[in-house]
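I have placed the structure first, in the form of structure tokens, so that the comments after it can refer back to it.
The values are calculated or read from the model by the stated rules, or taken from the named source; none is laboratory data. Here the structure is a predicted model, which means the values were calculated and not measured. Every residue, glycine among them, receives a Cβ derived from its backbone with ideal geometry; neighbour counts consider all protein chains shown. These accessible areas exclude ligands, DNA and RNA; they are computed on the full protein's heavy atoms, side chains included. Shrake-Rupley method; radii C 1.70, N 1.55, O 1.52, S 1.80 Å.
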Amino acid sequence: MVDEQTPGQLAPQHQLILDSAGEGIFGLDRDGRVTFSNAAASEILGWTLEDVIGHVAHDVHHHSHADGSAYPLSECPIYAALKDGQVHHAADEVFWHVDGSCVPVEYTSTPMFEDGRPCGVVVVFRDISERRKIEQQRQAAYDELARLQAEQQLILDAAGEGIYGLAADGRLTFGNAASAEILGWQVEDILNKKAHDVHHHSHGDGSNYPIEDCPIYAALQDGEVHRVDDEVFWHTNGKPVPVEYTSTPILKDGKPNGAVVVFRDVTERRRIEREREEAYAEIKALKDQLEQERDYLRDEIEVTTSFRDIIGQSPALKRTLAKVEAVAATTANVLILGESGVGKEMIARAIHCESERPDKPLIKVNCASIPKDLFESEFFGHVRGAFTGAHKDRVGRLQLANGGTLFLDEVGEIPLSLQGKLLRALQEQEFERVGDDETTKVDVRVVAATNRNLEDEVAAGRFREDLYYRLSVFPIELAPLRERVEDIVPLATHFLDQLCAESARDPIKLTRQNIVMLKKHGWPGNVRELRNVIERAVILTKGARLRLDLALGDIAASNAVRDESARDTPAFLTEEEFRQREKENLVAALRAADWRVWGPDGAAAMLGIKPSTLSYRMNAFNIEKDAQ
């Protein structure tokens, strides 16, 4: 049982309790007089109990608004509790220390009741100076953080690449303007959400990533930088956006604590790369085509330089050229017939040049020179890897001739087993390259040439009849040189001038004896043989007289100067017979030179002796102009 104590004995215990509190506490009676106060109140405000006990608080305890303006007694929240019996709390007022310094406080004024009416007030207050200081520091830190975040956001938004951040658990922590523009999202809508839930991305082929395989999240797991350049992010409107990106981990204490993803929309770059690749492919195709054309046309250029025009005035040649003029402007296929060396290629050229496609290529194919195994590749082309040795794509000659003329020389040499494929290509004007399924369309006019009798070849089963009729819509037969004697001298003169110019030597003229020899020769090799003989004669000629005799051989040379009776000459001659034969030879040379002794066309040059020697021998044999 507790012993009864008087109020005076209880006061020290109550005061001890009050003084143990960290907050300032003081009490007011119903008149507003201070009835008690604790040690914390004295410490905070600097007063002593003797100075305040029994005094009206508004007189001895100065407090005010936070801005320092004083309270009228009627408006003081401490006294308000005495009036309305309500608890009043204030968090932004100022109590004043007795030394005149202000003390920011928060306090509660709680009424005490007696018989249901306020009989006093207990005021509990706390010095919040330190808290205010911490709050100010915190606010300053928040302000600085906000400023830095704003600056960082400006920096992020200034970047052309999309940038966003991830927390350690994969939640989105920030995003810049470019990311919103590229992906169509609103940054504020995706913050603090799992990126894998709101940010759809996939492989380049559109297949989805499981979250455990996602390279973006991989940086959060292994702390490594992950770079990807062949994926797709998806716009909020459902359209794919090809991107390249880098996911870089944010490390804290050596462990991944987040990631920063920087990505770039490569749509435009992919388009440019695709166009560039297409352009490169086109350039490569054109380059290959030009190389093929260069190889195919190198011989053509050489031939063109050698045969600028078709030379000759014989009736047979005029008839041929009339046919060329008639057929050239049409699209009809032409078959040129004639012996080797008659100039079939020149006729083919003339047809092409007089056609409506002279500015397009004329592609020559020597059918006799193409191996059987490479026939399809040469004509139609092939793709890389189509067969062993096909290391790159090749353009076929049909494609090279597209828009122009295809000249099939020696067409009779095409193997029978391959004639059907050529027929189909010429008939349909389309083909497939070896190893390729894609059909290529062409517009090609065909001119063929042969020295064979194709009708006999068809009859013998060595040439397809349908191909023959496809090629011989308009046949042109070119006569051999022996039937065009009128063309021999103009052609020989043309070759002689040309060869002298090429060998940088003085021009050489044909003599009458040369002309006789040329006309008497049979020319089994036709124009080709004629050019070879003239070239050989130019090489053998040391002076101004063309040594055609040496080029044609002893038989041709002797035939040019001997008559028919000389063929029965005995194997040996007497001195008198020899001198008579020598005199006849001199007379024959003088008559061939129209009795001119001197000059390049003189008899001395024809005989290969000096003019003075010829004059001496003429005197010795008494040879005169009227001599027979």
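Summary of values
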| item | result |
| --- | --- |
| Qualifying residues in the range 56-71 (those that are in contact with a Phe, Trp or Tyr (Cβ under 9 Å, 6 or more places away or on another chain) and either touching a residue at least 60 places away in the same chain (Cβ under 8 Å) or farther than 17 Å from PRO104 by Cα (or both)) - the one surrounded by the fewest Cβ atoms within 10 Å (Cβ to Cβ) | VAL60 |
| Selection within the range 441-452 - in a strand (DSSP E or B) and either touching a helix residue (DSSP H, G or I) at 6+ places or on another chain (Cβ under 6 Å) or open to solvent by less than 20 Å² (accessible area, probe 1.4 Å) (or both) | ARG445, VAL446, VAL447, ALA448, ALA449, THR450 |
| Every pair of residues 6+ apart whose Cβ atoms lie under 6 Å, when the first sits in the range 4-19 and is open to solvent by less than 80 Å² (accessible area, probe 1.4 Å) while the second is assigned to a helix (DSSP H, G or I) and at pLDDT 50 or above | ASP19/ALA39 |
| Matching entry among ALA91, ALA141, ALA150 (being small (Gly, Ala, Ser), open to solvent by 40 Å² or more (accessible area, probe 1.4 Å) and under 30 Å from ARG264 (Cβ atoms)) | ALA150 |
| Residues located in the range 509-530, provided they are touching a residue at least 60 places away in the same chain (Cβ under 8 Å), open to solvent by less than 70 Å² (accessible area, probe 1.4 Å) and either part of a helix (DSSP H, G or I) or farther than 26 Å from SER340 by Cβ (or both) | THR511, GLN513, VAL516, ASN526, VAL527, GLU529 |
| Identity of the residue in the range 170-189, without any contact (Cβ under 8 Å) to a residue 24 or more places away in the chain and either of a type in the set (Asp, Glu) or surrounded by 20 or more Cβ atoms within 10 Å (Cβ to Cβ) (or both), that ends up nearest to TRP234 (Cα to Cα) | GLU181 |
| Qualifying residues in the range 99-118 (those that are open to solvent by less than 30 Å² (accessible area, probe 1.4 Å) and within 16 Å of TYR79 (Cβ to Cβ)) - the one modelled with the highest pLDDT | PRO111 |
| Subset tally (residues that are surrounded by fewer than 10 Cβ atoms within 10 Å (Cβ to Cβ) and aliphatic (A, V, I, L, M)) for the range 119-138 | 0 |
| Test: residue in the range 547-566 that is polar (S, T, N, Q) and at pLDDT 85 or above | no |
| Qualifying residues in the range 293-329 (those that are at pLDDT 70 or above and part of a loop (DSSP other than H, G, I, E, B)) - the one nearest to VAL447 (Cα to Cα) | ALA329 |
| Some residue of the range 426-438 being within 18 Å of ILE336 (Cβ to Cβ) and surrounded by 15 or more Cβ atoms within 10 Å (Cβ to Cβ) | yes |
| Residues within the range 361-373 that are open to solvent by 70 Å² or more (accessible area, probe 1.4 Å) and under 22 Å from THR439 (Cα atoms), tallied | 1 |
| Enumeration of residues in the range 56-103 that are hydrophobic (A, V, I, L, M, F, W, C) and under 22 Å from ARG117 (Cβ atoms) | VAL56, ALA57, LEU73, CYS76, ILE78, ALA80, ALA81, LEU82, VAL87 |
| Test: residue in the range 201-214 that is among the hydroxyl-bearing types (Ser, Thr, Tyr), at pLDDT 80 or above and either within 26 Å of ALA158 (Cα to Cα) or open to solvent by less than 60 Å² (accessible area, probe 1.4 Å) (or both) | no |
| Condition check for SER417: farther than 17 Å from ASP288 by Cβ and among the hydroxyl-bearing types (Ser, Thr, Tyr) | yes |
| Single residue of the range 465-478 satisfying the filter (in a loop (DSSP other than H, G, I, E, B) and out of contact with any Gly (no Cβ under 7 Å at 6 or more places or on another chain)) that is least open to solvent (accessible area, probe 1.4 Å) | SER472 |
| The range 414-432 residues that are on the phi > 0 side of the Ramachandran plot, paired with ones that are basic (Lys, Arg) (beta carbon under 9 Å, 6 or more apart) | GLN429/LYS441 |
| Identity of the residue in the range 218-232, open to solvent by 80 Å² or more (accessible area, probe 1.4 Å) and modelled with pLDDT of 85 or more, that ends up farthest from the chain's Cα centre (by Cα) | GLU224 |
| The range 600-619 residues that are closer than 23 Å to VAL516 by Cα and open to solvent by 50 Å² or more (accessible area, probe 1.4 Å), paired with ones that are part of a loop (DSSP other than H, G, I, E, B) and aliphatic (A, V, I, L, M) (beta carbon under 8 Å, 6 or more apart) | PRO600/ALA544; ASP601/ALA593 |
| Any hit, the range 202-220, residues being in contact with a Phe, Trp or Tyr (Cβ under 8 Å, 6 or more places away or on another chain) and of a type in the set (A, V, I, L, M) | yes |
| Near pairs, Cβ below 7 angstrom, 6+ apart or cross-chain, from the range 446-465 (in contact (Cβ under 8 Å) with a residue 40 or more places away in the chain) to any residue that is assigned to a helix (DSSP H, G or I) and among the β-branched types (Val, Ile, Thr) | VAL447/ILE351; ALA448/VAL411; ALA449/VAL411; THR450/VAL411 |
